[in-house]
Amino acid sequence: MPDGTVPEHSTETAHAGPAAHGTDHDNAYAGLLVNDAHWAFGTDFEDPLAGVDTTVPDGVEPSVLAAYCLMLGDDALVASERISEWCSRAPDLEEDIALANIALDLLGQARLLLARAAAADPSVVPALPGDSPVPDEDRLAFFRDDRQFRNVRLAELPNGDFGETITRILLLSIWRLALFERLTGSRDAVLAAVAAKGVKELTYHRDFAGRWFLTLAQGTDESRRRVTAALTDLMPYWAELFGTHDVEAAAAASGVGVDPGQVAGEADAVLDQVLAVSGVDRPEAAPRAGVRGRTGRDGLHTEALSRLLAETQSVARAHPRGRW
Amino acid sequence: MTSAVDEAGLESHFEATIAHKDRIEPRDWMPEKYRRTLVRQIAQHAHSEIIGMQPEGNWISRAPSLRRKAILLAKVQDEAGHGLYLYSATETLGVTRTELTERLISGAQKYSSIFNYPTLSYADVGTIGWLVDGAAICNQVPLCRTSFGPYGRAMIRICKEESFHQRQGYELLMTMMRGTDEQRAMVQESVDRFWWPSLMMFGPPDDASPNTAQSMAWGIKTHTNDELRQRFVDMTVPQAEALGVTLPDPDLAWNERRQAHDFGEIDWDEFWRVVGGDGPCNAQRVAHRSKAWDDGAWVREAASAFARKQEAA
């Protein structure tokens, strides 16, 4: 299946030749009007699931599969939005680039998962005017309100400092990697493939965040103070990651999804290991309550999500017939 | 200590290297003024990449499709990468990234004046790709042959990526022009705003560019500002026609005798005001960079402290 990433840069017009052949570079600009289907490689819209068999496996309720994909897709999309807010604001250029990589990986996961949801159950896709060219993944991302988003609340919290972002990526990637490792065995071939690709990415995210968590915890008094404060602030949202929603239970029961409750022990052990290496005690943290028991998976979010979406969706919603 | 005689010999060797259009490498002897000129020019270029992340970064959160969001985020990330290569090239001349960042924030070093204009619609993302990256390519392609080796090699890689960005920008505008009337109007309005600032990217006219002659003699610069500006206009006119937009210059016309386009007078008063710090976004851009740098100080200190502890252990 296509891996959803932007392909390597096209090189057909620009040669890295020695100085003597430098005039070849002039073609990079002059070639703009060349009528070549690949001239801006990677920019044509392609259905991220093009060529993939999206038949729902036997015995699986399409609405369950779609809702489950939206949950995992929304986690990725919303976390990606928060992380990409760091762009041009990171402590140094290397971290700016690394955070953008993580945001791009999660965005790629979100695109595949939203497209999978739409293919499994087209009724989840918001309706637009009949002549609208907006593809399904964008209808789902830009034309649902916050109450229809199924992401966990940890993904949507407003950004704090760099230590907060590192801690949040650490918590989210520990959890999501544990889920995705199991999800590679999904009966849904699409989800299994998305998970297989995601495992490699999430392994890097967890490694990046773990190394920075250790560095900050062992760096200066100031960095230790900040990163432990971030952990104290975020841990109340940890338990929500392992609560089993009815959709997750049904998806797990039919062999397409993973019950997050099943990965709690493993995730706790990984977190404890990072904390032990970093010399940080695990804070006592009572789980953050929902509203009558409802939290992110139920579409019951913090106040931050509707603001985030108002910004994210503003241009797309102003042009429901727009072509981008 | 180098005697005057040795220095003369070194200098003639340097001049011969330049005359043969060979590269000067970091360990080679070079006149102090050549080194200073290079630091100024490469740092200004690096700063332009880093400040240039902001006007486009302004639209990442509002990109109207997930595909465009990925393209834009990856592009802005590439600019950070270009900044890194270029700062590395200046480090071979004996100046650190930290020093250069401080000179950017203090205003001692400049960046391209184009980034002091605001981005006001999503079409600006496409227009910046087409016109601004296009103008940058015109400026930068000759630099692949510049006399200082690390700079020339960095530019080869950067030009490849810039040309890719330019195509992506043009492709966004093409797509929008196939969309709704509102989208077409958005593209035209964006081109109207960015056309003149793009022409200013080539710098002051040749008769007001004091550094050009020496930079050309040293092989740091290979074309004058006006030559490059003319090349850009001639390349862009047919692209605008293919796109279906009008360039906002009533004097723009093909001159058969010159085999080039005539074009109207650039507002040099505005140019100098923007260069002088009074452009629409100068203060905002530097404040943004300064805040990121200050906010990150504790992280950089922690990383250094951690590395020292690791070494000691």
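The values are calculated or read from the model by the stated rules, or taken from the named source; none is laboratory data. In this text, all values refer to a predicted model and were calculated from it rather than measured experimentally. All Cβ positions, glycine included, derive from the backbone under ideal geometry; neighbour counts span all protein chains shown. Keep in mind that these areas ignore ligands, DNA and RNA; they rest on the heavy atoms of the full protein, side chains included. Shrake-Rupley method; radii C 1.70, N 1.55, O 1.52, S 1.80 Å.
With label points built 7 Å along Cα→Cβ from the Cα atoms of B:Gln310 and A:Ala276, find their separation and express it in nm.
With each label point 7 Å from Cα toward Cβ, the separation is 2.2 nm.
Residue by residue through A:92-104, how many Cβ atoms from other chains fall within 10 Å of the Cβ on average?
Values: counts 11, 13, 4, 5, 12, 7, 2, 1, 10, 3, 0, 6, 5.
Mean inter-chain Cβ contacts per residue within 10 Å come to 6.
Would you mind estimating how fast chain B diffuses translationally, via Stokes-Einstein at 20 °C and 1.002 mPa s with the Kirkwood radius over Cα pairs, in µm²/s? Working shown, then result.
Numbers: Rh = 21.1 Å.
D, rounded to a whole number, is 102 µm²/s.
Would you rank A:Glu85, A:Glu284, B:Glu102 by solvent-accessible area, highest first, keeping every protein chain in place and using a 1.4 Å probe? Kindly include the intermediate steps, with their values, before the conclusion.
Values: A:Glu85 70, A:Glu284 180, B:Glu102 100 Å².
My answer, sorted largest first, is A:Glu284, B:Glu102, A:Glu85.
How much FRET efficiency would the formula 1/(1 + (r/R0)^6) give for A:Thr54 and A:Ala318, where r is the Cβ-Cβ distance and R0 is 30 Å, rounded to 0.05?
On the way: r = 31 Å, r/R0 = 1.02.
After rounding to 0.05, the efficiency reads 0.45.
Among B:238-245, A:111-118, how do they line up by average Cβ neighbours within 10 Å per residue, starting with the highest?
A:111-118, B:238-245
Using a probe radius of 1.4 Å on heavy atoms only, what accessible surface per residue do you get for the stretch B:169-275? Whole Å² is fine.
Values: 4890 Å² over 107 residues.
Ligands and nucleic acids excluded, the result is 46 Å² per residue.
Treating only the Cβ of Lys, Arg, Asp and Glu as charged (+1, +1, -1, -1), what charge dipole size does chain A show about its Cα centre? Round to the nearest 20 debye. Could you put the intermediate results ahead of the total?
Numbers: 29 positive and 50 negative charges, 171 e Å.
It comes to approximately 820 debye.
Points 7 angstrom from Cα along the Cβ direction at B:Arg157 and B:Ser88: gap in nanometres?
0.4
For chain A, what class follows from the C-alpha gyration tensor (a ≥ b ≥ c being the square roots of its eigenvalues): rounded when a/c is under 1.5, otherwise prolate if a/b is larger than b/c, else oblate?
Taking the square roots of the gyration eigenvalues as a ≥ b ≥ c, chain A is oblate.
Could you compute how much accessible surface A:Arg294 exposes when probed at 1.4 Å, giving the result in Å² to the nearest 10?
100
Ignoring ligands, DNA and RNA, please state the percent of accessible area on the stretch B:1-118 from carbon and sulfur, probe 1.4 Å.
Numbers: 2580 of 4820 Å².
Answer for the stretch B:1-118: carbon and sulfur cover 54 percent of the accessible area.
Beyond a 31 Å Cα-Cα separation, which of these cross-linked pairs lie in this structure: B:Lys33/B:Lys309; A:Lys197/B:Lys69; B:Lys69/B:Lys221; B:Lys69/B:Lys291? Provide the component values of the computation, followed by the final result.
Details: B:Lys33/B:Lys309 40 Å; A:Lys197/B:Lys69 20 Å; B:Lys69/B:Lys221 36 Å; B:Lys69/B:Lys291 25 Å.
The pairs that break the limit, which is 31 Å between Cα atoms, are B:Lys33/B:Lys309; B:Lys69/B:Lys221.
Please sort A:211-224, B:142-155 by packing, taking for each peptide the average over its residues of neighbouring beta carbons within 10 angstrom, highest first. Working shown, then result.
Values: A:211-224: 20.4, B:142-155: 23.1.
Per-residue Cβ counts within 10 Å, averaged per peptide and sorted highest first, yield B:142-155, A:211-224.
Go through A:Trp324, B:Trp196 and list them by solvent-accessible area, largest first, probe radius 1.4 Å. Present the calculation step by step, with values, prior to reporting the outcome.
Values: A:Trp324 25, B:Trp196 55 Å².
So, going from the largest accessible area down, we get B:Trp196, A:Trp324.
Which whole-Hz couplings ³J(HN,Hα) result when phi for each residue of the stretch B:132-142 is put into the Karplus expression 6.51 cos²θ - 1.76 cosθ + 1.60, θ = phi - 60°, listed in order with x for Gly and Pro?
So the Karplus estimates, Gly and Pro as x, are 6, 5, x, 5, 4, 5, 4, 5, 9, 3, x Hz.
For peptide B:50-58, what's the mean number of Cβ atoms from other chains within 10 Å of each residue's Cβ? If you can, show how the numbers build up before the last one.
Details: counts 3, 1, 1, 6, 3, 1, 2, 8, 2.
Taking all residues of B:50-58 together, the mean is 3.
In nanometres, what is the gap between the two model label sites at B:Arg300 and B:Ala4, each 7 Å from Cα along Cα-to-Cβ?
Spacing of the two 7 Å Cα→Cβ label points: 4.3 nm.
Could you work out the mean count of beta carbons from other protein chains within 10 Å of each residue's beta carbon in B:16-23?
Details: counts 0, 0, 0, 0, 0, 2, 1, 2.
Across B:16-23, the average partner-chain Cβ count within 10 Å equals 1.
Under a straight-distance cross-link criterion of Cα-Cα below 20 Å, which aspartates and glutamates are reachable from B:Lys21, leaving out those fewer than 8 residues away in the same chain?
Answer for B:Lys21, where 20 Å is the Cα cut-off: A:Asp24, A:Asp26, B:Glu11, B:Glu32, listed by chain and number.
Dipole size in debye (nearest 20) for the protein assembly as shown around its Cα centre, Lys and Arg Cβ +1, Asp and Glu Cβ -1? Intermediate results must be reported in sequence, preceding the final value.
On the way: 64 positive and 93 negative charges, 166 e Å.
My answer is approximately 800 debye.
Along the positive direction of the dipole of chain A (beta-carbon charges: Lys, Arg +1; Asp, Glu -1; about the Cα centre), which of A:Ala285, A:Leu271, A:Leu113 reaches farthest?
Farthest towards the positive end: A:Ala285.
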